[in-house]
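Novice: Please find one structure pasted underneath; my questions will follow.
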Amino acid sequence: MQTSDNVEQAMPRYYAQRAAEYERVFDKPHRQADIATLKAWLRGQFAGRHVLEVATGTGFWLPEATADAASWLGTDLNAEVLAIARLKPLDFTRVGFELANAYALGDTLRGRRFDAAFAGLWFSHVPMSRREAWLRGLHAQLSRGARVVLMDNRYVDGDSTPVTRFDAEGNGFQRRQLSDGSEHEVLKNFPTADEFAALLGGRPFEFRELGYFWTLVYEV
Ligand SMILES: C[S@@+](CC[C@H](N)C(=O)[O-])C[C@H]1O[C@@H](n2cnc3c(N)ncnc32)[C@H](O)[C@@H]1O
């Protein structure tokens, strides 16, 4: 049984090891319509804004998401994934990357403020017991009225990797294999609109479900 400490260490190690093959997950033919919808939608979300991105990974969404942003700082714990993000066709006069721990953003950002935040396919990996603190830490980096955009996978029977167990606090775990044959157990949750209503404590929000993804937008 994994404790929450080693779960949080195992997850970034898994993504460092997966960096070169990460984007294969976006090749699934039946997900292409959703992916195209999301890319077009993301572009509009950040127009004219100074954006902080958490857990950027390989930067799959960035050519579209950053297109009209005033500035964009992509952050991740792993240098391996940011090295791939830096190869994307981006306007590097407005887009930059830095290593940062999503659970200690203030340590890296040191008072810099943003008027938008984005995290794609990240929130599903935040343990239930850390959700509130993670959101609080994110909001602390943002100016009043900033827009927060989260998006992630929906659980789709027969398509998603099955959840093989739940821990005592309700986190789900999937068993995943990389092309080198290594096996990894990864914490992956599938939050609902009701869970966000509780977490956001009465703040208005828009939760949208596509076939394979959900999106959440609200202001701080
Ligand atoms: C599922 S990937 C998401 C990548 C990208 N945002 C996307 O939508 O494709 C999760 C990312 O979280 C990063 N990560 C894991 N733990 C982290 C932490 N504590 N702080 C920052 N990034 C972390 C991993 O390196 C990985 O790039």
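Novice: Protein chains only, probe 1.4 Å: how do 128, 11 rank by accessible area, largest first?
Specialist: Per-residue accessible area, sorted high to low, gives 128, 11.
Novice: Semi-axes of the equivalent ellipsoid of the range 1-80: what are they in whole Å, largest first, if each equals the square root of 5 times a C-alpha gyration tensor eigenvalue?
Specialist: One finds semi-axes of 26, 18, 11 Å for the range 1-80.
Novice: If you don't mind, there's one more thing I want to ask. Using DSSP to define loop residues, name the GluC sites (Glu not before Pro) in the range 117-220 whose beta-carbon has at most 14 other beta-carbon atoms within 10 Å.
Specialist: 169
Novice: With all protein chains present, calculate the accessible area of residue 155 using a 1.4 Å probe and round the result to the nearest 10 Å².
Specialist: Surface accessible to solvent at residue 155 totals approximately 80 Å².
Novice: Apply the Debye scattering formula to the range 122-197, with a single equal point scatterer on each alpha-carbon and no solvent, then give log10 I(q)/I(0) at q = 0.24, 0.26, 0.27 Å⁻¹.
Specialist: -1.22, -1.34, -1.39
Novice: Just from its helices, what would the mean residue ellipticity at 222 nm be for the chain, if runs of 4 or more DSSP H residues each count -39500 (n - 2.57) and the sum is divided by every residue, rounded to the nearest 500 deg cm²/dmol?
Specialist: Theoretical 222 nm ellipticity from helices: -8000 deg cm²/dmol.
Novice: While we're looking at this one, here's another question. Using alpha-carbon positions, what is the distance between the centroids of the range 10-85 and the range 172-220, in Å?
Specialist: 15
Novice: Here's something else I'd like to know. In Å, the Kirkwood hydrodynamic radius of the chain over pairs of distinct alpha carbons?
Specialist: Evaluated over the chain, this radius sits at 17.8 Å.
Novice: Another question, then. Remind me, relative contact order of the chain in percent, using alpha carbon pairs under 8 angstrom and six or more residues apart?
Specialist: 18
Novice: Still on this structure: Need one number: % antiparallel among DSSP beta bridges in the chain, to the nearest 5.
Specialist: The answer is about 55 percent antiparallel.
The values are calculated or read from the model by the stated rules, or taken from the named source; none is laboratory data. Given the structure is predicted, the values throughout are model-derived calculations rather than measurements. Methodologically, a virtual Cβ is constructed for each residue, glycine included, from the backbone with ideal geometry; neighbour enumeration extends over all protein chains shown. Remember, those area values only see protein heavy atoms, side chains included, never the ligands or the DNA or RNA. Shrake-Rupley method; radii C 1.70, N 1.55, O 1.52, S 1.80 Å.
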